[in-house]
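Report on one structure; see the data block that follows.
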Amino acid sequence: MPQEEIISGTKKLSVGHSIYDYWLRDWYGVDPPIGNGLYTANAFSASNTKVLANGDSVSSSQNNARFHYAGSTFLDFYGSATNTYTIKGYRFQHCWTYPKGSDLL
């Protein structure tokens, strides 16, 4: 029987999604009074989950964070530019490279 999905690091290989899609924990923000990171809670747990005024359940535990697809590493395009010049017998060469279009750049 074939596997429905394979999770490896930040990738989740499943039907209908690219192998370049990120599979990450759902970051909510920072808890202002304490400074801890908050994640959208996967399940309610009395020890580390709280419900905010807007009804969102958040958790300070990464283990209780909901996962979701968070963009792609696939680029729209990339390019480079070079320049070479000589001053008083010294040769200078510069090369710039740039990506454009990944969701997480």
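Structure summary
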{"read-out": "Per-region count, the range 1-17, residues farther than 13 Å from Phe67 by Cβ, loosely packed, with under 13 Cβ neighbours inside 10 Å and either among the hydrophobic types (A, V, I, L, M, F, W, C) or in contact with a strand residue (DSSP E or B) (Cβ under 8 Å, 6 or more places away or on another chain) (or both)", "value": "4"}
{"read-out": "Boolean, Arg25 is loosely packed, with under 10 Cβ neighbours inside 10 Å and modelled with pLDDT of 85 or more", "value": "no"}
{"read-out": "The range 36-89 - residue that is at pLDDT 85 or above and basic (Lys, Arg) and, of those, farthest from Asp26 (Cα to Cα)", "value": "Lys88"}
{"read-out": "Qualifying strands (runs of 3 or more DSSP E) (wholly inside the range 45-105; at least 1 residues being touching a helix residue (DSSP H, G or I) at 6+ places or on another chain (Cβ under 8 Å) and touching a residue at least 12 places away in the same chain (Cβ under 8 Å))", "value": "49-51"}
{"read-out": "Residues satisfying the stated conditions in the range 5-40, i.e. charged (D, E, K, R) and either outside any strand (DSSP E or B) or touching a Leu at 6+ places or on another chain (Cβ under 6 Å) (or both)", "value": "Asp26, Asp31"}
{"read-out": "Qualifying position, being of a type in the set (Asp, Glu), exposed (fewer than 10 other Cβ atoms within 10 Å of the Cβ) and at negative phi, among Asp76, Asp56, Asp103", "value": "Asp76"}
{"read-out": "Qualifying residue in the range 28-41 (condition: among the polar types (S, T, N, Q) and touching a Gly at 6+ places or on another chain (Cβ under 9 Å))", "value": "no"}
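The values are calculated or read from the model by the stated rules, or taken from the named source; none is laboratory data. None of these values were measured; they are calculated from a predicted model. As a convention, Cβ positions derive from the backbone with ideal geometry for all residues, glycine included, and neighbour counts pool all protein chains shown.
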